[in-house]
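**Student:** This is the structure I have questions about; it appears just below.
We did not get these values from a lab; they are worked out from the coordinates using the rules stated. Fair warning: this is a prediction, and the values are worked out from it, not measured in the lab. Neighbour counts are summed over all protein chains in view; Cβ atoms, including those assigned to glycine, are modelled from backbone coordinates with ideal geometry.
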Amino acid sequence: MFSILSWSGDLTARFARLAPNQLSVYTKLSNKCLGVVDNLFSKRGVAFASSYDALRDLQDQVAFLLKHDYLPSRYLVVYVGDVRLTKPNFAFVNHLDLDNQAQVCQVLKDAQSISVVYHFDQSCAEASLKARRLVASWTPRVNLLEIYGSAPTQTALALPELEVWAFTRNVTRLVFQFEADKLGFLGCFPDLTSLEMYTPCRPKEVDFKSLATTCKLLQTLYLKLLSTTSPSLLDGVGQLCNLTDLAIDILAPRNTFCVNPCLEIPPEVGKLVKLTRLSISGGEVSGLIPKEIGQLTNLESLTFRRTSLLGRLPSELGLLTNLTYLNLNCNPGLRGTIPHTLQKLHRLGCQISLVGTPYVKRIKL
């Protein structure tokens, strides 16, 4: 079975060897390759009377590529170029009229590729995800798509359903709450402003550069990532230039503890100048707090909690004069003193917490 999330290689060379009666299949939304299916319309003996059955067989093959055994294939909308082969009400009829049969046969006779989307239908979409113990829901005012449940670990959080459904409303928020190895490609959600992951969702990797390219409007990002041996896991996070709220929690695998902390906070975090809240936690977070943190002058809340960070607090923390909350709990490797400017803010109501961080001191003003 083909995987729409891991197809790679030279597609042109790959499909140049297709048999005359085969079609390459792409998603209509992102032009991603799904795989290859048989084209019954190029075979002898397929008459107008059987074109409906042939088209249904074609849809069934595509549904198999998508692993949608539980989702009626009649909801697939098939295109050759910009020609739509299925009528808008195709899902509710059991035959094609004569004119439509002739068009389908003619267009598909010599076609080399097709593209597909799912016709949007909320009950159909929910039935699909519920079959995998997931739930999809839309709220009119928030434009919210939530996916959660106790499904087995997925290859990627961006499921095939999200790649091929033609959403009739702009999705501005995605909430994931099930296990996966990686985030996946979110190119179908250019209007996304909020991306959130909650337990037990804890992928091992997120391609921040791809995320910044495809979701340029992203403002809120909450991540729970499984612990990693790569010190560069956060590379590219500085490209999410519209972020106002960033929270990253690095979780250790079950029944383990961090032996060799290595994940570093990259200096490029200083590029996120619109941030009002920054929270990074996890035992694998090590190295120094980058001095570039002082460039985030809009910060109101800053948290480095339960980490393996080392060294002195950078004096640049004193530039964060808009802080109302500073949490440095459980950082035994940090040392130094809270900058004078922040202690003055503390007297004006800024909360500063140093529980479990014995070597960071406050001085009397």
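**Student:** Mind checking which lysines have their Cα closer than 27 Å to the Cα of Lys28? Skip sequence neighbours fewer than 8 apart in that chain.
**Tutor:** Lys43, Lys67, Lys87, Lys109, Lys130, Lys182, Lys209, Lys216
**Student:** Counting Lys and Arg as +1 and Asp and Glu as -1, what is the net charge of the other residues whose Cβ lies under 10 Å from the Cβ of Leu234?
**Tutor:** Details: positive: none; negative: Asp235, Glu264, Glu268.
Charge balance in the 10 Å sphere: -3.
**Student:** Just in segment 271-335: which trypsin sites (Lys or Arg not before Pro) are loop by DSSP and have at most 13 other Cβ atoms within 10 Å? Kindly include the intermediate steps, with their values, before the conclusion.
**Tutor:** Working: sites: Lys271, Lys274, Arg277, Lys291, Arg305, Arg306, Arg312, Arg335; in loops: Lys274.
Nothing satisfies the criteria.
**Student:** If you don't mind, there's one more thing I want to ask. Within a Cβ distance under 14 Å of Pro203, other residues only, what is the Lys/Arg minus Asp/Glu net charge?
**Tutor:** Working: positive: Lys182, Arg202, Lys204, Lys224; negative: Glu179, Asp181, Glu196, Glu205, Asp207, Asp249.
Computed value for this residue: -2.
**Student:** Net charge within 9 Å of Ile280 by Cβ-Cβ distance, Lys/Arg positive one each and Asp/Glu negative one each, not counting Ile280 itself? Can you show the working numbers first?
**Tutor:** Numbers: positive: Arg305; negative: Asp249.
The answer is 0.
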